[in-house]
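The next block holds one structure in the form of structure tokens; read it before the comments.
The values are calculated or read from the model by the stated rules, or taken from the named source; none is laboratory data. What you see is a predicted model; the values in this text were computed from it and never measured. No Cβ is skipped: glycine too gets one built from the backbone with ideal geometry, and neighbour counts run over all protein chains shown.
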């Protein structure tokens, strides 16, 4: 990804930014569109130098106007350009851009799905950021033609058909090779279905100073190495293990010991001073032999759990917990303890069936678990990920980490954070257990729940990216992250 991406904006926020830029910079009519078209043409020159043919597919709005400017600049540079018009301009700026194109004698023809691929590169200037419903027939035909062209595709502002507020598609959507977005990064480009559609993302500021964006409220913020480093506490030379915190990981019902062990080891690798696994008695020897740094304690009821939790710093409940009566007792004991902590996996499934108030616990659902927490279906979660994360935070009085591509963190005060790190190699058993342990370790080291969730999500995803870079995404194991977590928690900029 190229450009500034610390803040994310909604489609409405993006329109406000455009308006603010025009007013504060006293731009002439069409000047901002001219800058956008020039920036997009610059991306073409950098990414596809030497092309001789270009097909630009233009819609009726300002996105189409951007496309007309790209076509004009390419023509002036000697590139053979074909312009396909899906619908005539509906805005003054787009009409002005088309008029300038006509003055160059460049023919504009109706969309012909048979000819869209007759160029080395296709530019998607059909719909832009304004879509909030499935594309109608004529636009769907244009999208299908672009996708069927067999050519690389540059999408202007966003792939047509993608909802820029949610990252969801209600129907057809362009599969871009590169997406160039203007002035600010839109939240929907990084979550939902967007990561499968955007290709590489380039943010072009169009010479708009950052001060202009400061006047518009973002919909979310991106987590970065800087954000994480600011939240990690410095370690005194005299620090001892008790001061680094004691985490209890509760889980590992019959036949499910591995999940709790993964979480516990991840916590140690992220800096927890002590970690106790509270589990079934039958698992204790195996865990101790496999990872001797982990302490184990048998728990069979709430009374024995109270003993284990006494005097501890934080708790993780859920990895391998199961949904038996034992799991119910463990979750109830954790919620009654008042300790800060993480509820994951079956802890979330049990929570969906019972208490709604968690006392500022951090909930880490994947979309399926989130659907149970909100009593809805997975599509409803994925089509409104920002809203869903905020709802879970509100309804359960805790912090929500909604996992998936573009993991979201909803914290107190309605703040939303997005993690752009991570890769498909994380779609494997045990990754969620690692995340729970990482966040638990950060709680032990004094981070408040919101900061622990923010930093933990980034460290986990960044570690997975480093592991994938070393050996590839396929075959990545959750335990492969351990060494990278140790490196990153000491220096988030490493790697």
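Values as computed for the structure displayed
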| quantity | calculated |
| --- | --- |
| Residues of the range 180-200 that turn out to be within 26 Å of residue 380 (Cα to Cα) and in a strand (DSSP E or B), as a count | 2 |
| Qualifying residue in the range 201-209 (condition: in contact with a helix residue (DSSP H, G or I) (Cβ under 6 Å, 6 or more places away or on another chain), within 30 Å of residue 448 (Cα to Cα) and surrounded by 17 or more Cβ atoms within 10 Å (Cβ to Cβ)) | no |
| Sole residue being in a loop (DSSP other than H, G, I, E, B) and touching a residue at least 24 places away in the same chain (Cβ under 8 Å), chosen from 38, 87, 28 | 87 |
| Helices (runs of 4 or more DSSP H) fully within the range 389-495 counting 2 or more residues that are under 19 Å from residue 370 (Cβ atoms) and under 14 Å from the mean Cα position of the chain (by Cα) | 449-471 |
| Residue 82 being more than 27 Å from the chain's Cα centre (by Cα), assigned to a strand (DSSP E or B) and more than 29 Å from residue 384 (Cβ to Cβ) | yes |
| Checking residue 132 against (1) out of contact with any helix residue (DSSP H, G or I) (no Cβ under 9 Å at 6 or more places or on another chain); (2) outside any helix (DSSP H, G or I); (3) at pLDDT below 95, the condition it does not meet | (1) |
| Selected residue (only one of 237, 269 is more than 19 Å from residue 335 (Cα to Cα), in the same structural domain as residue 346 (by TED's automatic domain parsing) and surrounded by 15 or more Cβ atoms within 10 Å (Cβ to Cβ)) | 269 |
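For (1) outside the structural domain of residue 207 (by TED's automatic domain parsing); (2) in contact with a strand residue (DSSP E or B) (Cβ under 7 Å, 6 or more places away or on another chain); (3) outside any helix (DSSP H, G or I); (4) surrounded by 15 or more Cβ atoms within 10 Å (Cβ to Cβ), each residue gets a yes or a no:
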| site | (1), (2), (3), (4) |
| --- | --- |
| 18 | no, no, no, yes |
| 21 | no, no, no, yes |
| 46 | no, no, no, no |
| 56 | no, yes, yes, yes |
| 66 | no, yes, no, yes |
| 70 | no, yes, no, yes |
